[in-house]
1. Which of the residues spanning the range 55-89 are assigned to a loop (DSSP other than H, G, I, E, B), closer than 19 Å to K30 by Cβ and of a type in the set (V, I, T)?
2. Within the range 7-17, is there a residue that is crowded, with 23+ Cβ neighbours inside 10 Å, free of Cβ contacts under 8 Å to residues at least 60 places away in the same chain and in the same structural domain as K314 (by TED's automatic domain parsing)?
3. Regarding the range 112-123, can at least one residue be identified that is small (G, A, S) and in contact (Cβ under 8 Å) with a residue 60 or more places away in the chain?
4. Just to verify a result, which residue in the range 70-96, among those that are out of contact with any strand residue (DSSP E or B) (no Cβ under 9 Å at 6 or more places or on another chain) and surrounded by 17 or more Cβ atoms within 10 Å (Cβ to Cβ), is farthest from K50 (Cα to Cα)?
5. Looking at A312, A308, A294 in this structure, which one is on the phi > 0 side of the Ramachandran plot and either surrounded by 18 or more Cβ atoms within 10 Å (Cβ to Cβ) or assigned by TED's automatic domain parsing to the domain that holds G22 (or both)?
6. So which residues in the range 120-132 are under 15 Å from G24 (Cα atoms) and aliphatic (A, V, I, L, M)?
7. In the list F252, F286, which residue meets the criterion of being at pLDDT 95 or above, over 22 Å from K207 (Cβ atoms) and in the same structural domain as S199 (by TED's automatic domain parsing)?
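The values are calculated or read from the model by the stated rules, or taken from the named source; none is laboratory data. The shown structure was predicted, so the numbers you read here are calculated from the model rather than taken from an experiment. Cβ coordinates were reconstructed from backbone atoms using ideal geometry, including for glycine residues, and neighbour counts include every protein chain displayed.
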Amino acid sequence: MGESSGKKNKPIIGITIGDVNGIGPEVIIKSLEDSRILKQFTPVIYASGKVISYYRKNLNKENFNYQQIGSIEKIVHRKVNVLNVWEEAIEINPGQANETGGKYAVLSLQKAVADLKEGKIDAITTAPLSKDLVQSDDFNFPGHTEYLTQEAGEKESLMFLVHEALRVGVVTGHIPLSEVSQKVTKEKIVIKLKKMIKSLQKDFGIKKPRIAVLGMNPHAGENGLLGEEEEKVVTPAIDEVRSGHHIVMGPFPADGFFGMSSYKQYDGVLAMYHDQGLIPFKTLAFEEGVNYTAGLPFVRTSPDHGTAFAIAGKNEADETSFRNALYLANDIIRQRNENQYESAEEK
């Protein structure tokens with residue numbers, strides 16, 4: 001790939017721009033302005049040099065340097081690359097939610113995923129987009145996770161929030177709360193548990209992971225008094241996965257589980273629905289946590305925050321979560337490569 005390619009090159013991580021009016025461009029530039037990051041991997045921003053130039057000036061980051069390229073084949077290693085997905089100048093209005101932000105977020109994502117599927121890059125880290133602004137006849141998904149799952153040819157994936165020793169997955173993701181009870185089935189829980197276990201082994205190098213499963217109802221149903229899902233759905237799913245000689249415990253009442261810091265005893269926690277898992281996760285790890293889409297053949301990470309239109313363009317965004325997302329993607333690539341090497345050695 002390009003003039004500097006070779007076996008000694010670091011992993012290539014594609015970076016989608018997200019909504020150009022949100023904080024995505026800001027946290028990307030702030031994450032990459034320290035050139036030491038180039039010793040770990042080669043970043044490729046899927047956007048437009050005009051957008052990056054605008055934010056470099058807006059943020060007073062004139063020392064932030066990058067190489068513009070027209071295709072991934074022109075990549076220059078040991079530099080920040082900006083792959084021009086579009087050439088036209090677009091109006092940028094930081095903090096404003098409009099159709100422009102949605103349109104170009106999708107173009108960036110589609111191009112990055114195309115290169116990812118063809119093996120031209122090793123992973124993607126996605127900047128935040130506005131879920132309602134990206135909807136169209138050509139893109140009808142609740143978010144990144146659902147789109148990437150389809151593009152990977154998978155029926156299911158696992159939204160996996162990661163921060164140091166805290167890892168929280170969810171059975172149901174971006175759906176209305178009114179639909180959760182009918183979507184949480186024994187079969188779905190089993191699928192998510194198996195994906196979590198496999199990811200912890202393959203992506204995090206934990207050979208015998210310990211998993212905690214949260215209950216569906218307050219107090220995990222209180223023996224049927226507050227709901228029957230634990231007895232009829234959750235516990236049978238736990239028993240099925242545990243029969244495969246995996247360490248799976250629960251169901252635990254969600255409030256007490258996090259309140260007593262019981263999560264520290266486990267390698268992964270499976271919550272039943274989005275807010276049950278993400279509220280405690282973001283309370284404990286906001287601005288540092290990472291959203292990882294587990295269970296896919298390729299690697300995708302993102303920060304655990306959204307577009308934050310209220311502070312976009314004000315140079316107030318904290319880039320820690322985005323930087324951690326880049327490093328996690330790099331770590332998982334290396335872990336997967338190591339696993340492949342060990343498998344080849346065993347043969």
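1. Across the range 55-89, the qualifying residue is only V80.
2. Checking the range 7-17: not a single residue is crowded, with 23+ Cβ neighbours inside 10 Å, free of Cβ contacts under 8 Å to residues at least 60 places away in the same chain and in the same structural domain as K314 (by TED's automatic domain parsing).
3. Yes, the conditions are met somewhere in the range 112-123.
4. Only one residue tops the list, namely P94.
5. None of the others qualify; the one that does is A308.
6. Those that are under 15 Å from G24 (Cα atoms) and aliphatic (A, V, I, L, M): I124, A127, L129.
7. The match here is F252.
Rundown of residues vs (1) within 23 Å of the chain's Cα centre (by Cα); (2) under 30 Å from K111 (Cβ atoms), yes/no style:
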site: E146; (1), (2): yes, yes
site: V180; (1), (2): yes, no
site: K195; (1), (2): yes, yes
site: L225; (1), (2): no, no
